[in-house]
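> Questions regarding the structure given below will be posed in turn.
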Amino acid sequence: MVQSADKCSDQKSTRERILEAALDIFSSRGYHDARLDDIVEVAHISKGSIYFYFPNKERLFLALVDQFADLIERRATEAIERQPRAGIDRVRAAIMAVIETFGKYRRPAKILLVQAVGLGAPFEKKRLEVTDRFAALIKRHLDEAITVGEIQPIDTAVVAHAWMGAIYNLVIRWVMTGDPPAERIPPTLVPLLLRSVNYPVEEKQGNAV
């Protein structure tokens, strides 16, 4: 039993080293210029080890996207669960968590929003899946806000995807140029998004996000 647990731990450690090395290589060189040999060298593993976990470069890249998407969703869910009231408070918490996680993790943000663009159908499908996950989270709590009477009925599916587009565009600019700085995005963007669904930010929150 102990040996089995140790083996499982070793496998997890190896997989994590591969993903961390791949994050370095993909984010700095781009998908096409990244080589598995470089990732093997950075991870300090054998080439056979990388193929044990990932059969090819595409699967490794997509695994990085999944890993980052899981992190963002987990952070957003945790932020939502800290809000006792259904509705806009949870919507705001979800948006803030998504933006702040993008801002904290620049390399995986670059992989998802920049490096994955134009790589072909499997990558575009994955990007859409990730966007749909976050949009569904926002939509669910916008629907709650409508139910409790905080905002008027609106097409929440369209709104959620429009909001994700706004978030993505600002994060892409920050990833590529460093401007605007990540910490400047939430104080302006979050109230702007809330006002787009006619939520009275000034009356409810003053100048606070």
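> Using the heavy atoms of the protein chains alone and a 1.4 angstrom probe, what is the accessible area of the chain per residue in square angstrom?
On the way: 11000 Å² over 209 residues.
Heavy-atom accessible area per residue stands at 53 Å².
> Separate question: Taking θ = phi - 60°, what integer Hz values does the Karplus form 6.51 cos²θ - 1.76 cosθ + 1.60 yield along region 37-53, in sequence order, with x for Gly and Pro?
4, 5, 5, 4, 5, 5, 7, 6, 10, 7, 5, x, 5, 5, 6, 5, 9
> Near the amide H of Ile151, under 5 Å away, which other amide H atoms are found, from residues 5 or more places off or on another chain, if H is placed in the peptide plane?
Ile146
> Please list Asp38, Asp66, Asp33, Asp132 in order of solvent-accessible area, largest first, computed with a 1.4 Å probe with all protein chains present.
Of Asp38, Asp66, Asp33, Asp132, the descending order of accessible area is Asp33, Asp132, Asp66, Asp38.
> At a probe radius of 1.4 Å, what is the per-residue accessible area of Ser46, in Å² to the nearest 10?
Approximately 60 Å² for this residue.
> For region 118-197, what class follows from the C-alpha gyration tensor (a ≥ b ≥ c being the square roots of its eigenvalues): rounded when a/c is under 1.5, otherwise prolate if a/b is larger than b/c, else oblate?
oblate
> Where does the charge balance sit around Ala166 when Lys and Arg score +1, Asp and Glu -1, over other residues with C-beta under 13 Å from its C-beta?
+2
> Mind putting a number on the dipole of region 87-209 about its Cα centre? Charges go on the C-beta only, +1 for Lys and Arg and -1 for Asp and Glu, and I need it in Debye to the nearest 20.
So the dipole magnitude of region 87-209 works out to roughly 560 debye.
> Residue-wise, which Karplus ³J(HN,Hα) couplings in Hz belong to region 186-199, taking 6.51 cos²θ - 1.76 cosθ + 1.60, θ = phi - 60°, and x for glycine or proline?
Going residue by residue, I get x, x, 9, 6, 4, x, 4, 5, 5, 5, 5, 10, 6, 7 Hz, with x marking Gly and Pro.
> Moving on. Can you pull the accessible area of Lys47 for me, 1.4 Å probe, Å² to the nearest 10?
Here the residue's solvent-accessible area equals roughly 90 Å².
> Could you give the size of the charge dipole of the chain about its Cα centre, using +1 on the Cβ of each K and R and -1 on the Cβ of each D and E, expressed in debye and rounded to the nearest 20?
160 debye
> Show me, for region 176-182, the HN-Hα J-couplings you get by feeding each phi into the Karplus relation (A = 6.51, B = -1.76, C = 1.60, θ = phi - 60°), rounded to Hz, glycine and proline as x.
3J(HN,Hα) across region 176-182, in whole Hz: 7, 10, x, 9, x, x, 3.
> In percent, what relative contact order does region 62-209 have, based on Cα pairs under 8 Å that are 6 or more apart in sequence?
Working: 143 pairs, mean separation 37.7, N = 148.
Taking the mean separation of contacting Cα pairs over the length of region 62-209, I get 25 percent.
The values are calculated or read from the model by the stated rules, or taken from the named source; none is laboratory data. Remember, it's a predicted structure, so these values are computed and weren't measured experimentally. All Cβ positions, even for glycine, are placed from backbone atoms using ideal geometry, and neighbour counts span all protein chains on display. These accessible areas exclude ligands, DNA and RNA; they are computed on the full protein's heavy atoms, side chains included. Shrake-Rupley method; radii C 1.70, N 1.55, O 1.52, S 1.80 Å.
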